[in-house]
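Working notes, beginning with the structure itself.
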Amino acid sequence: MNTRGRGPRLRPERRPRGRNRPAKVSAFFALGGVTALGNFATGIAWINPGIFIGGAMACALIAIPAGHVARFRGRRLDGEGRGLAPAAILTGWLVLIVCALAILAFVGLVAGLSLIAESA
């Protein structure tokens, strides 16, 4: 009770705020996929490109569902992590598309070289 006799002081009601860990996880793996693809610019990934493409695809395949979970959790937590989740989802899809294009380019290169070798 208040000492001035005005009655009990009421606190404004607040929703419990939790942390949106899936948003952070999805962003971490989306950036991991970008980093794996970024190694092609340095030249280190050209030693064994399958490892880096596979790693980037694995990161993207983790980032996309985690980002969707983070979006729905962000709605429940009054917007915490709601900006990070769509960015991670978009980045994950872009990394996945770049990986698919790289695989298609490699398959096309092998097929083209086999046609050239067969005709010679």
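No lab work stands behind these numbers, since they all come straight from the coordinates. Given the structure is predicted, the values throughout are model-derived calculations rather than measurements. Neighbour counts are summed over all protein chains in view; Cβ atoms, including those assigned to glycine, are modelled from backbone coordinates with ideal geometry.
Sparsely packed loop sites in the stretch 17-101 (the trypsin sites (Lys or Arg not before Pro) outside DSSP H, G, I, E and B with at most 12 other Cβ atoms within 10 Å) comprise ARG17, ARG19.
Using a/c under 1.5 as the rounded threshold, could you call the stretch 29-83 rounded, prolate or oblate? The axes a ≥ b ≥ c are square roots of the C-alpha gyration tensor eigenvalues, and prolate needs a/b larger than b/c, oblate otherwise. Since a/c reaches 1.5 and a/b is larger than b/c, the shape of the stretch 29-83 is classed as prolate.
In the chain, the DSSP-assigned H stretches of four residues or longer account for a calculated mean residue ellipticity at 222 nm of -26000 deg cm²/dmol, using -39500 (n - 2.57) per stretch and the full residue count as denominator. Computed log10 I(q)/I(0) for the chain at 0.09, 0.20 Å⁻¹: -0.42, -0.98, from the Debye equation with unit scatterers placed on every C-alpha and solvent omitted. In order along the stretch 103-111, phi translates into HN-Hα couplings of 5, 5, 5, 5, 5, x, 5, 5, 5 Hz, rounded to whole numbers, per the Karplus curve 6.51 cos²θ - 1.76 cosθ + 1.60 with θ = phi - 60° and x for Gly and Pro.
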